[in-house]
Amino acid sequence: MIPHGAVYARVPKEFYEAYTALDQLCEAVRAEGFVVVDRTTGNRFKLKREYFGSTDPEKVGKQRGSHESSPSKQSGSFTDVGAEFCCGTEGEEFGYCNAPLTQMVRDIGDEIGIAELCDDQVELVSRSVRDTIAAQVANPFSGQKMLNHFITSGAGDTYQYQQKTTDPEIHKHDLEFQLKLDGETVLIHKDGDGNVHLMLKFQVDAYVLQKEDPVCRMGWI
């Protein structure tokens, strides 16, 4: 697991509430989508590819569904270092989340551009765990359920975005588009009979462990 926010996209402001541009961005990145962090208010918004609706003429009004393939060198979007960190030297496909792990192993503190998306208008960036934690601390999250970036309609497989942002003022704020990862942490207990019990399920922001004066901060991982 990596801290949430370790991979994010540098998105130009003209994308902020542009429905078509954000649709193209979610299509270009081989992931579920993004968590849009409003660095002005600390609010979070979900931006998911499937909610933009299907592009199949026979499935009008239905959700798009997930990507059928993972990030690969063949996609042509990776930088040289991104291809190395995310795909490996033998052509393995480890995904974007492998970049911050490689940074950690190699003790690389600077941010690394791992992919260029949307005709090079958007840069996908990997940053160190330390910087990710600092970013999360600077923009604390209440843990409340995230709203969608765009207003939605429908239910079930027809649940999808409409072309209007949930917060009409969001385009005026400073936003960060973090690659959407699983934001739920689950603690379980196995008893003496081998039964597994769910003890706690929560959403949080980042984590850090310190040897001196032991500190353990749990976060969104």
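A few comments on the model shown:
- The set of residues in segment 1-32 that are under 22 Å from Thr102 (Cα atoms) and touching a Leu at 6+ places or on another chain (Cβ under 7 Å) comprises Ile2, His4, Val7, Tyr8, Ala9, Val29, Ala31.
- Taking the numbered list (1) surrounded by fewer than 20 Cβ atoms within 10 Å (Cβ to Cβ); (2) at pLDDT 85 or above in turn, Cys26 passes all entries but (1).
- All positions within segment 49-62 that are surrounded by 20 or more Cβ atoms within 10 Å (Cβ to Cβ) and touching a helix residue (DSSP H, G or I) at 6+ places or on another chain (Cβ under 7 Å): Arg49, Phe52
- With respect to being touching a helix residue (DSSP H, G or I) at 6+ places or on another chain (Cβ under 7 Å) and either buried (at least 21 other Cβ atoms within 10 Å of the Cβ) or within 25 Å of Glu111 (Cα to Cα) (or both), Asp38 fits the description.
- Restricting the search to strands (runs of 3 or more DSSP E) fully inside segment 123-182 and requiring at least 1 residues that are touching a strand residue (DSSP E or B) at 6+ places or on another chain (Cβ under 6 Å) and closer than 19 Å to Met104 by Cα gives 175-179.
- Sole residue being at pLDDT below 90, in contact with a helix residue (DSSP H, G or I) (Cβ under 7 Å, 6 or more places away or on another chain) and either surrounded by 17 or more Cβ atoms within 10 Å (Cβ to Cβ) or over 28 Å from Gly76 (Cα atoms) (or both), chosen from Tyr96, Tyr161: Tyr96
- Here Glu17 meets each of (1) among the acidic types (Asp, Glu); (2) closer than 20 Å to Ser126 by Cβ; (3) touching a residue at least 40 places away in the same chain (Cβ under 8 Å) with one exception, condition (2).
The values are calculated or read from the model by the stated rules, or taken from the named source; none is laboratory data. Computed from a predicted model, the values in this text were never measured in an experiment. For neighbour counting, all protein chains shown are included, and Cβ atoms are generated from backbone atoms with ideal geometry for every residue, glycine included.
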